[in-house]
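A.B. asks: Have a look at this one.
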Amino acid sequence: MAPTCPSDNTIDVDQSSFWSSGNLNWDQHRIGWAIAGGCAVLTVLISMFSVLRHCRNYTKPNEQRQILRILYMPPVYAVISFFSYRYFRSYTYYALIAAAYEAVTLSSFLLLLIEFVAATAAGRDATKAIERKDKRSLPVPLCCWRYRPTKTYFMYTLKWSVLQYVIVRPAVSIAGIVCQVYNVLCESGPYSIYFANVYLEAVDFASISVALYGLLLFYGLTKEELTGRRPLAKFLSIKLIVMFTFYQSFVFSTLKGRVIKATEYWTAANIADGLNALAICIEMVFFSVLMMWAYTVNEYKVAGNKTNVWRPLWDSINYWDFVTEIGGSFKFFFNSARGTSSTHSSKKTDFAQAFGVGGMSVANGDKSLTEESIRLAPYPYSDPHNADSASPMSS
């Protein structure tokens, strides 16, 4: 007989309404409902304030489009967690959707760091960025291997290590939703080789581990260039959300059946999931404030220059840059496998393309731009005086 997954929900459903005989029908669940909703609304308002400030001072589109995507993380988590608390019988579906946005945030953070580093090499004083980095060892636990940062294959591999999560995490969420529909996920049950959850979590763990390793590798390589941009605060404001949601979910799952007991209308899994969702809603208020500080708009303000909010909002939800980066990496690895391009090319044009920035052109045989003289430069519309030149919304 095939094993079955224990149901997350009871058969009995609470038929009472929020209002009963003209009075509020307060119980623990509805008190939590009100708190979760209030915190979600507060998180949205704080994040909206921060987002609109960036939109009104949208002077560096390539940086700020990534910042806007990151600033969406607390309200996305808060709103989805509220709905997962309110409609607790569908908690698993909401949790899988929220987890997918984590991939967008981590990838946006990498592209933001790349923009920061590129900006340090934009002057005509031959300031070096990645190209001045010497061969070095990889971080723990791969410290036995060494790499050369100036090689084209390194930058493509580094970006792919993070951007693969944009593909894998949503795919895992979609697979999890399908498995939940057919009752073979068993997300709230014990780990078992007979259910899909253990395999999906293994894939997700491997994928996010590679993505975080890539981020830490890039940060360690470029921390001098990132001085003054609060890179650690920016990273922690993202990673702490992931850590809090993961570990508190683990704690509540551990307490399930021991401290957390089932009631007439709610299973122990319902209560554990609800407590986790409630905690997330409360935490996102503080994380929205932390992100407003970490991703301050002050460095983007230009006196007398206020921008229209619609173009920034469009840029933030237009993920064509992700498609371009992923497609470019696929093309590079495909051509390398076919032998049509060298993975160890030392041409700076190849490296600048891999880095995702436009350097000084070496077309038409310009021999003056050698290994030591070519600089990295940010995208053309990173310049506040040229902010409209390459925007998808410019006319």
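A.B. asks: Would you tally the residues in the range 147-172 being of a type in the set (A, V, I, L, M), in contact with a helix residue (DSSP H, G or I) (Cβ under 8 Å, 6 or more places away or on another chain) and surrounded by fewer than 20 Cβ atoms within 10 Å (Cβ to Cβ)? I'd like the intermediate steps shown before the answer.
C.D. replies: The first filter runs over the range 147-172 and keeps only residues of a type in the set (A, V, I, L, M), leaving 155, 158, 162-163, 166-168, 171-172.
Adding the requirement that they be in contact with a helix residue (DSSP H, G or I) (Cβ under 8 Å, 6 or more places away or on another chain) leaves 155, 158, 162-163, 166-168, 172.
This time we only want the ones that are surrounded by fewer than 20 Cβ atoms within 10 Å (Cβ to Cβ), so: 167-168.
The number of residues fulfilling the criteria is 2.
A.B. asks: While we're here: Taking only pairs six or more apart or across chains, which ones have beta-carbon atoms under 6 Å, a first residue in the range 206-235 that is closer than 15 Å to Arg136 by Cα and open to solvent by less than 30 Å² (accessible area, probe 1.4 Å), and a second residue that is of a type in the set (Val, Ile, Thr) and at pLDDT below 90?
C.D. replies: Thr222/Val117
A.B. asks: Just a yes or no: is a residue in the range 58-81 farther than 29 Å from Ile208 by Cβ and at pLDDT 90 or above? Spell out the reasoning first.
C.D. replies: Pass one, the range 58-81, residues farther than 29 Å from Ile208 by Cβ: 58-59.
Filter once more, so that each one left must be at pLDDT 90 or above: 58-59.
Taking every residue of the range 58-81 in turn, at least one turns out to be farther than 29 Å from Ile208 by Cβ and at pLDDT 90 or above.
A.B. asks: Pick from the range 288-302 the residues that are of a type in the set (S, T, N, Q) and assigned to a helix (DSSP H, G or I): which of them is least open to solvent (accessible area, probe 1.4 Å)? So that I can check it myself, show each step before the final result.
C.D. replies: Taking the range 288-302 first, the residues of a type in the set (S, T, N, Q) are 288, 296, 298.
Restricting the remaining residues to those that are assigned to a helix (DSSP H, G or I) gives 288, 298.
Working: Ser288: 5, Asn298: 96 Å².
Restricting to residues being of a type in the set (S, T, N, Q) and assigned to a helix (DSSP H, G or I), the top hit is Ser288.
A.B. asks: A further question on this structure: Select from the range 256-290 the residues that are touching a helix residue (DSSP H, G or I) at 6+ places or on another chain (Cβ under 8 Å) and small (Gly, Ala, Ser) and write down the one among them that is modelled with the lowest pLDDT. Can you show your working first?
C.D. replies: Looking only at the range 256-290, we keep the residues that are touching a helix residue (DSSP H, G or I) at 6+ places or on another chain (Cβ under 8 Å), and these are 256-257, 260-263, 266, 270, 272-285, 287-290.
Next cut, small (Gly, Ala, Ser) only: 257, 262, 272, 274, 277, 279, 288.
Numbers: Gly257: 73, Ala262: 79, Ala272: 88, Gly274: 89, Ala277: 93, Ala279: 94, Ser288: 96.
Ranking the candidates gives Gly257 first.
A.B. asks: Picking from Ala211, Ala98, which residue would you name as being at pLDDT 90 or above, in contact with a Phe, Trp or Tyr (Cβ under 7 Å, 6 or more places away or on another chain) and within 30 Å of Thr59 (Cβ to Cβ)?
C.D. replies: Working: Ala98 fails: within 30 Å of Thr59 (Cβ to Cβ).
Just one listed residue meets the conditions, Ala211.
A.B. asks: Ok, one more. Could you count how many residues in the range 237-282 are open to solvent by 20 Å² or more (accessible area, probe 1.4 Å) and closer than 20 Å to Val44 by Cα?
C.D. replies: 7
A.B. asks: Let me ask you something else. Taking the criterion of being assigned to a helix (DSSP H, G or I) and over 26 Å from Ala294 (Cβ atoms), would at least one residue in the range 222-231 satisfy it?
C.D. replies: The answer is no, given that none of the residues of the range 222-231 is assigned to a helix (DSSP H, G or I) and over 26 Å from Ala294 (Cβ atoms).
A.B. asks: Continuing with this model, one more query. So, in the range 130-181, exactly how many residues are out of contact with any His (no Cβ under 8 Å at 6 or more places or on another chain) and assigned to a helix (DSSP H, G or I)?
C.D. replies: Residues in the range 130-181 being out of contact with any His (no Cβ under 8 Å at 6 or more places or on another chain) and assigned to a helix (DSSP H, G or I): 31 in total.
A.B. asks: Restricting the range 182-205 to residues that are part of a helix (DSSP H, G or I) and acidic (Asp, Glu), which is surrounded by the fewest Cβ atoms within 10 Å (Cβ to Cβ)?
C.D. replies: Initial filter on the range 182-205 (part of a helix (DSSP H, G or I)): 197-205.
Cutting the leftovers down to acidic (Asp, Glu) gives us 201, 204.
On the way: Glu201: 14, Asp204: 20.
The extreme case among them is Glu201.
A.B. asks: So in the range 65-91, with the set limited to residues that are of a type in the set (S, T, N, Q) and buried (at least 22 other Cβ atoms within 10 Å of the Cβ), which one is farthest from the chain's Cα centre (by Cα)?
C.D. replies: Restricting attention to the range 65-91, the residues satisfying the condition of being of a type in the set (S, T, N, Q) are 66, 81, 84, 90.
Keeping just the survivors that are buried (at least 22 other Cβ atoms within 10 Å of the Cβ) gives 66, 81, 84.
Numbers: Gln66: 10, Ser81: 17, Ser84: 20 Å.
Residue satisfying both the conditions and the ranking: Ser84.
Residues checked against (1) small (Gly, Ala, Ser); (2) assigned to a helix (DSSP H, G or I); (3) in contact with a Leu (Cβ under 8 Å, 6 or more places away or on another chain); (4) more than 18 Å from Val162 (Cβ to Cβ):
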position: Gly304; (1), (2), (3), (4): yes, no, no, yes
position: Thr307; (1), (2), (3), (4): no, no, no, yes
position: Leu313; (1), (2), (3), (4): no, yes, yes, yes
position: Phe322; (1), (2), (3), (4): no, yes, yes, no
position: Phe332; (1), (2), (3), (4): no, yes, no, no
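The values are calculated or read from the model by the stated rules, or taken from the named source; none is laboratory data. In this text, all values refer to a predicted model and were calculated from it rather than measured experimentally. Don't worry about glycine lacking a Cβ; one is built from the backbone with ideal geometry, like all the others, and counts go over all protein chains shown. Each accessible area value is taken on the protein alone, full model and side chains, heavy atoms only, with ligands, DNA and RNA left out. Shrake-Rupley method; radii C 1.70, N 1.55, O 1.52, S 1.80 Å.
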